[in-house]
Amino acid sequence: MGNRTIVPFGPQHPVLPEPIHLDLVLEDEKVIEAIPKIGYIHRGLESLAKKRDFNDYVYVVERTCGICSFMHGMGYVESVERIFDVEIPDRAKYLRTIWAEMSRIHSHLLWLGLLADAFGFEALFYQCWRMREQILDMFEESTGGRVIFSVNKIGGVLKDMPHEMLLKFVNNLNGMEKELRALTDVFLNDYTVQSRLRGVGILTKEQAVTLGAVGPMMRASGIELDTRKLGYAAYGDLSFDIITSKDCDSYARCEVRIGEIFQAFDIIRQAVSKIPEGELITPVKGNPPVGEAFMRVEQPRGEAIYYSRSDGSKFLERMRIRTPTFANLSPLLETLKNAELADVPLLILTIDPCISCTER
Amino acid sequence: MAKLAKSPWLIHYDGSSCNGCDIEVLACLTPVYDVERFGVINTGDPKHADIFLITGGINSQNKAVVEQIYSQMPDPKVVCAVGICACNGGVFKDCYNIIGGVDKVLPVDVYVPGCAARPDAIIDGVIKAVGILEEKRKKKGGKH
């Protein structure tokens, strides 16, 4: 047995813009154990439900995380709509789906860039982020915001996308798709990239089930589950397959996310061809009735759960979010065991961590 | 113009932000906005940094971290609070775990408003910070 040392990692570190702290117990270069410490960005967002009424609270929930802000807003709004038992207009459902899939593309491109940065391929990082800006431009044109959109409201959406704009977006996406194929080819086929990703950070199917992995992390271990198949928003009307991989390593996670980007392109095209005309919002009156509701949303990072409970007043009694990164933390600790110290930043990245969501 | 003002290095720390401002800070460094054309380089090492960019408000957990990063930076140094949360707590002002804006613990030189702060605004803030850095250097009278 070699000498054991503990190397503190974070909270301020160059891998992610967000703070996370890990105590890495090392034996020479091998990680024996990783002990996480979180709470650096805890704000106490859930308790704010008692101070902001249920309509204003949409804007707070959106700021759980700036990357999947749209889906946070959507998850909360749909949970309150379930308490109200209100059916939202079909057009609003489709618009939510389109924005949600655009968020997925931007989030996955962001992740691909950070991954490239983690294995030291800086040119690839910049290319991914350059492509991502095109999606942000589309967001800005349709909602007015680049990362925080504030278009969800209980009962529907606040902004419409005219038909010409939708066609233009599809056109943009078609253009992007070609360029993106060339870019993702590097991730999937380049020899140096493969040498960093293949066989690194194995999470077997059994481990993924036992530890409760979610999202691409779980699907890369060969489990075919996707919350979108529950058919919230307009997903019930659209056809798509669940993308999985059997390799269980970092390469598989990269492959699944790349697959999901192209799938999102396809879902947006389908949604644009099927979107009906009509109202944007079903007005809801008064306070939410006494009741509680769960809502499950497939975020880019995996399944997020929103729970709202109302006591009939304008303030929700309880609002709770279970975020995907929290579920993926224990699988991360498992993959860190027996890894080499130099692979630690890469492994932390492969779960696509969002610490802001996790700590709220 | 001194060397320092031609190529200020910055360190970014996420206080308790929602990630929105953080990814905008990163977007500043990548092709479309590209602050590197002003000589700005993002570093992870406080001892190399001249400008401290903080996003998000201060809470009891990260207070010590922020102070520690600031104390490690060499003089002259400039603190730039990015986003409304870093300015005064923003939407999370009333949360039980938020002490307030960055100015509760550090002397802030530049406030960049916005939720999330736009890359254009962040770049403007950094350029203003460079001006303040230059003034501080002159006051200090050292060679850089």
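The values are calculated or read from the model by the stated rules, or taken from the named source; none is laboratory data. Note that this is a predicted model, so its numbers are computed, not measured. Every residue, glycine as well, gets a Cβ built from its backbone with ideal geometry; the counts of neighbours run over all protein chains shown. With ligands, DNA and RNA removed, areas are computed over all heavy atoms of the protein, side chains included. Shrake-Rupley method; radii C 1.70, N 1.55, O 1.52, S 1.80 Å.
If one takes the accessible area of chain A alone plus chain B alone and subtracts that of the pair, with a 1.4 Å probe, what total in Å², rounded to the nearest 100, results? Write out the running numbers ahead of the final one.
Working: alone 14780 and 7430 Å², together 18960 Å².
That pair of chains buries around 3300 Å² in total.
Restricting attention to the alpha-carbon atoms of segment A:114-228, what are Rg (one decimal) and Dmax (integer), both in Å?
18.5, 50
Could you rank B:W9, A:W99 by how accessible they are, 1.4 Å probe, largest area first? It would help to have the intermediate numbers written out before the result.
Numbers: B:W9 85, A:W99 0 Å².
Greatest to least solvent exposure: B:W9, A:W99.
Quick check: the distance between the Cα centres of segment B:84-101 and segment A:198-250, to the nearest angstrom?
One Cα centre to the other: 36 Å.
Rank these residues by their accessible area, most exposed first, probe 1.4 Å: A:Y191, A:Y59, B:Y96.
Details: A:Y191 185, A:Y59 85, B:Y96 150 Å².
Result of the area sort, largest leading: A:Y191, B:Y96, A:Y59.
Which residue fluctuates the most in chain A, going by a Gaussian network model with Cα springs under 10 Å, if the choices are A:I35, A:I88, A:I20?
A:I35
Could you give each residue of segment B:71-85 its phi-based ³J(HN,Hα) in whole Hz, using Karplus coefficients 6.51, -1.76, 1.60 with θ = phi - 60°, and x for Gly or Pro?
5, 7, 6, x, 7, x, 9, 10, 10, 10, 8, 9, x, 5, 5
With an 8 Å Cα cut-off and a minimum separation of 6 or more residues, compute the relative contact order for chain A in percent. Walk me through the numbers on the way to the answer.
Working: 655 pairs, mean separation 93.5, N = 360.
About 26 percent, as a whole number.
Write down the percent of antiparallel bridges among all DSSP beta bridges whose residues are both part of the protein assembly as shown, to the nearest 5. Spell out each step's value before the answer.
Values: 34 of 49 bridges.
In the protein assembly as shown, approximately 70 percent of DSSP beta bridges are antiparallel ones.
Roughly what % of DSSP beta bridges within segment B:3-137 run antiparallel, to the nearest 5?
Numbers: 2 of 17 bridges.
So the antiparallel bridges in segment B:3-137 amount to around 10 percent.
By how many degrees, 0 to 90 and rounded to 10, does the Cα axis of helix A:69-84 deviate from the longest principal axis of chain A?
Roughly 50 degrees between the two axes.
Report B:S60's accessible area, 1.4 Å probe, all protein chains in place, as a number in Å² to the nearest 10.
80
Is it possible to state the helix-based mean residue ellipticity at 222 nm for the protein assembly as shown, with each DSSP H run of 4+ residues giving -39500 (n - 2.57), the sum divided by total residues, to the nearest 500 deg cm²/dmol? What is it? Present the calculation step by step, with values, prior to reporting the outcome.
On the way: 17 runs with 220 residues, N = 504.
Estimated from H runs of four or more residues: -14000 deg cm²/dmol.
Looking at segment A:280-360, I'd like the Rg to Rh ratio, where Rg is from alpha-carbon atoms and Rh is Kirkwood's inverse mean 1/r.
Numbers: Rg = 18.2 Å, Rh = 15.3 Å.
Looking at segment A:280-360, the ratio lands at 1.19.
Per residue, how much accessible area does segment A:313-354 have with a 1.4 Å probe, in Å²?
Working: 1390 Å² over 42 residues.
Spelled out: the 1.4 Å probe surface of segment A:313-354, per residue, equals 33 Å².
About the Cα centre of segment A:135-197, how large is the charge dipole given +1 on each Lys and Arg Cβ and -1 on each Asp and Glu Cβ? Please answer in debye to the nearest 20.
Details: 7 positive and 9 negative charges, 41 e Å.
It comes to approximately 200 debye.
Can you give the translational diffusion coefficient of the protein assembly as shown in µm²/s, computed by Stokes-Einstein from the Kirkwood radius over Cα pairs at 25 °C and 0.890 mPa s?
On the way: Rh = 23.4 Å.
D, rounded to a whole number, is 105 µm²/s.
Could you look at the protein assembly as shown and say what percent of its accessible area is carbon and sulfur, using a 1.4 Å probe and all protein chains? Before the final figure, lay out each step's value.
On the way: 9800 of 18960 Å².
The value for the protein assembly as shown is 52 percent carbon and sulfur by accessible area.
For segment B:3-137, how big is Rg over Rh, using alpha carbon atoms and the Kirkwood form of Rh?
Values: Rg = 13.6 Å, Rh = 14.4 Å.
We get a ratio of 0.94 for segment B:3-137.
Treating the beta-carbon of each Lys and Arg as +1 and of each Asp and Glu as -1, no other charges, what is the dipole magnitude of segment A:41-355 about its Cα centre, to the nearest 20 debye? Intermediate results must be reported in sequence, preceding the final value.
Values: 38 positive and 43 negative charges, 135 e Å.
The dipole magnitude comes to about 640 debye.
Mind checking the mean number of beta-carbon atoms from other chains within 10 Å of the Cβ atoms in B:41-52? Could you put the intermediate results ahead of the total?
Working: counts 0, 2, 1, 4, 2, 1, 0, 0, 0, 0, 0, 0.
Per-residue shielding by partner chains comes out at 1.
Could you tell me which Cys residues in chain A have no other cysteine's Cβ under 4.7 Å from their own Cβ, answering none if every one has a partner?
Result for chain A is A:C68, A:C128, A:C248, A:C254, no neighbouring Cys Cβ within the cutoff.
Counting only other chains, what is the mean number of Cβ atoms within 10 angstrom of the Cβ of each residue in peptide B:23-34? Present the calculation step by step, with values, prior to reporting the outcome.
Values: counts 13, 4, 1, 8, 7, 0, 3, 9, 7, 7, 2, 2.
Mean inter-chain Cβ contacts per residue within 10 Å come to 5.
Whole number in Å², please: accessible area per residue of segment B:11-74, 1.4 Å probe, ligands, DNA and RNA not counted. Could you put the intermediate results ahead of the total?
Working: 1930 Å² over 64 residues.
I get 30 Å² per residue for segment B:11-74.
Out of A:V151, A:V86, A:V256, any idea which swings most in a Gaussian network model of chain A, alpha carbons joined below 10 Å?
Comparing A:V151, A:V86, A:V256 in a Gaussian network model of chain A, the most mobile one is A:V86.
May I ask for log10 I(q)/I(0) of segment B:39-99 at q = 0.18, 0.21, 0.22, 0.24 Å⁻¹, from a Debye sum over the Cα atoms as equal point scatterers with solvent left out?
Reported log10 I(q)/I(0), two decimals: -0.68, -0.85, -0.91, -1.01.
Where the centre of each part is set by its Cα atoms, how far does segment A:121-151 sit from segment A:33-73, in angstrom?
22
Going from most exposed to least, what order do A:S79, A:S273 have by accessible area with a 1.4 Å probe? Can you show the working numbers first?
Values: A:S79 0, A:S273 95 Å².
Sorted descending by solvent-accessible area, the residues read A:S273, A:S79.
Over 23 Å between Cα atoms: which of A:K159/A:K229; B:K63/B:K93; B:K77/B:K139 fall into that group?
Numbers: A:K159/A:K229 26 Å; B:K63/B:K93 16 Å; B:K77/B:K139 12 Å.
In this structure, A:K159/A:K229 exceed 23 Å between Cα atoms.
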